[in-house]
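Student: Before I ask anything, let me first share the structure, which is written out below as structure tokens.
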Amino acid sequence: MNSSTSLGVPPFQGKRMVVDWAELPQEIIELISKRITIYSDYLRFLRVCRSPETPLHILPPQLPWLMLSHNSFFDPSTKEIHHLNLPLSSSHKSRICCSSFGWLVILHDISKVRLLNPITCVTLSLPSLYTLPKFVRKPLKSNCNQFLHKIVLSSSPSLSDDFAALAILNFGALAFCRKGYDSWVLLRMNAFHEWMDVVCNNGLFYAVSTKGVIAVYDVKGPRVSIIETTNFVHS
């Protein structure tokens with residue numbers, strides 16, 4: 001007599017057992033996800049574990065992906081192309097402006113700004129550009145593709161809701177907001193500067209102009225400090 005039958009266990013039928021990974025207990029999902037360190041592996045993990053409670057965690061720093069199109073990204077570390085099913089409109093009304101901490105900044109319908117996590121497809125809304133003063137947003141409709149030049153976050157929204165954003169608008173203005181703000185706050189300057197880029201480090205935003213002027217903005221305070229530099233060469 002088959003020993004498995006005598007113990008009340010059905011005999012092996014020669015078929016593979018089918019496991020529904022989506023039904024894994026949440027604590028097992030968390031244990032597995034915390035061991036993942038590569039974006040591509042995390043994508044594969046999400047494809048089989050589609051629980052809405054799949055935990056978000058920050059992966060170690062790695063080479064950024066190059067965006068080939070709205071849904072195609074090239075990973076230089078593995079030389080692979082990943083096709084992501086992002087919730088983006090295919091019309092000209094929606095465009096990806098930039099990225100910060102792995103989140104895409106999307107401008108939709110001229111003035112609506114939102115953040116999109118391309119891995120989890122979580123979205124967050126930022127204030128509309130129409131909340132800016134009229135004299136700043138004046139060229140928005142006629143020049144919407146160039147009006148929003150860049151947005152940089154102070155920290156990853158995956159870590160905390162307490163993050164800030166600084167935007168370069170039409171190259172000549174800087175605007176600030178925090179999570180939960182209803183409008184953008186224009187940073188007042190004593191003179192016009194053509195801003196090229198902005199970064200954030202240790203709670204401070206640093207914006208640099210084409211003339212080498214640096215604006216320093218503390219996310220905890222309203223003051224803007226201007227640093228005049230010399231021997232700055234812009235190619």
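The values are calculated or read from the model by the stated rules, or taken from the named source; none is laboratory data. In this text the structure is predicted, and so the values were computed from the model without any measurement. We place every Cβ from the backbone using ideal geometry, glycine too, and count neighbours over all the protein chains shown. Heads up: the accessible areas ignore ligands, DNA and RNA and are worked out on the full protein's heavy atoms, side chains in. Shrake-Rupley method; radii C 1.70, N 1.55, O 1.52, S 1.80 Å.
Student: Between Lys93 and Phe192, 0.36 nm times their residue separation minus their Cα-Cα distance comes to what?
Tutor: Stretched out fully, the Lys93 to Phe192 stretch lengthens by 32.6 nm.
Student: Note the full-extension length gain between Ser69 and Val185 as 0.36 nm times their separation in residues minus their Cα-Cα distance, in nm to one decimal. Before the final figure, lay out each step's value.
Tutor: Values: separation 116, 0.36 × 116 = 41.76 nm, distance 3.18 nm.
My answer for the length gained is 38.6 nm.
Student: Hey, another quick one. Ignoring solvent entirely, what values of log10 I(q)/I(0) come out of the Debye formula for segment 60-186 at 0.09, 0.10, 0.14, 0.22 Å⁻¹ when each Cα is a single scatterer?
Tutor: -0.26, -0.32, -0.63, -1.37
Student: If you keep only loop residues by DSSP, which chymotrypsin sites (Phe, Trp or Tyr not before Pro) in segment 169-206 have at most 14 other Cβ atoms within 10 Å of their Cβ? Walk me through the intermediate numbers first.
Tutor: Details: sites: Phe171, Phe176, Tyr181, Trp184, Phe192, Trp195, Phe205, Tyr206; in loops: Phe171, Tyr181, Trp184, Phe192.
Taking segment 169-206 and a limit of 14 other Cβ atoms within 10 Å, the loop chymotrypsin sites (Phe, Trp or Tyr not before Pro) found are Tyr181, Phe192.
Student: Return the ratio Rg/(2.2 N^0.38 Å) for segment 176-224, where Rg is computed over Cα atoms only. Working shown, then result.
Tutor: Numbers: Rg = 11.3 Å, N = 49, 2.2 N^0.38 = 9.7 Å.
Segment 176-224 yields a ratio of 1.17.
Student: For segment 122-235, what are Rg and Dmax over the alpha carbons, in angstrom?
Tutor: When restricted to the Cα atoms of segment 122-235, Rg and Dmax are 14.1, 44 Å.
Student: Still on this structure: So if R0 is 22 Å, what FRET efficiency would Glu228 and Lys134 give, r being the distance between their Cβ atoms, rounded to the nearest 0.05? Can you show the working numbers first?
Tutor: On the way: r = 30 Å, r/R0 = 1.37.
Result of the calculation: an efficiency of 0.15.
Student: Under a plain spin-label model, where a point goes 7 Å from the Cα along Cα-to-Cβ, how far apart in nm are Asn143 and Lys220?
Tutor: 3.7
Student: Computed from the mean reciprocal separation of all distinct C-alpha pairs, what Kirkwood hydrodynamic radius does segment 140-180 have, in Å?
Tutor: Values: mean 1/r = 0.0900 Å⁻¹.
Taking every pair of different Cα atoms in segment 140-180, averaging 1/r and inverting gives 11.1 Å.
Student: Turning to a different aspect of this structure: Let me spell out the model: positive unit charges on the Cβ of Lys and Arg, negative unit charges on the Cβ of Asp and Glu, origin at the Cα centre of segment 147-212. What dipole size does that give, in debye rounded to 20?
Tutor: Details: 5 positive and 5 negative charges, 28 e Å.
Result for segment 147-212 is approximately 140 debye, rounded to the nearest 20.
Student: Can you check what the net charge comes to around Ser125, using other residues whose Cβ is under 12 Å from the Cβ of Ser125 (Lys, Arg +1; Asp, Glu -1)?
Tutor: Around Ser125, the surrounding residues sum to +2.
Student: Could you pull out every one of the aspartates and glutamates with an alpha carbon less than 19 Å from that of Lys138, ignoring same-chain neighbours closer than 8 positions?
Tutor: By straight Cα distance, Lys138 reaches Asp109, Glu194.
Student: Just the accessible area per residue of segment 105-235, please: how many Å² with a 1.4 Å probe?
Tutor: Per residue, segment 105-235 has an accessible area of 53 Å².
Student: In the neighborhood of Leu66, defined by Cβ-to-Cβ distances under 15 Å, what is the net charge if each Lys or Arg adds +1 and each Asp or Glu adds -1? The partial results should precede the final answer.
Tutor: Working: positive: Lys79; negative: Asp75, Glu80.
Result for the local shell: -1.
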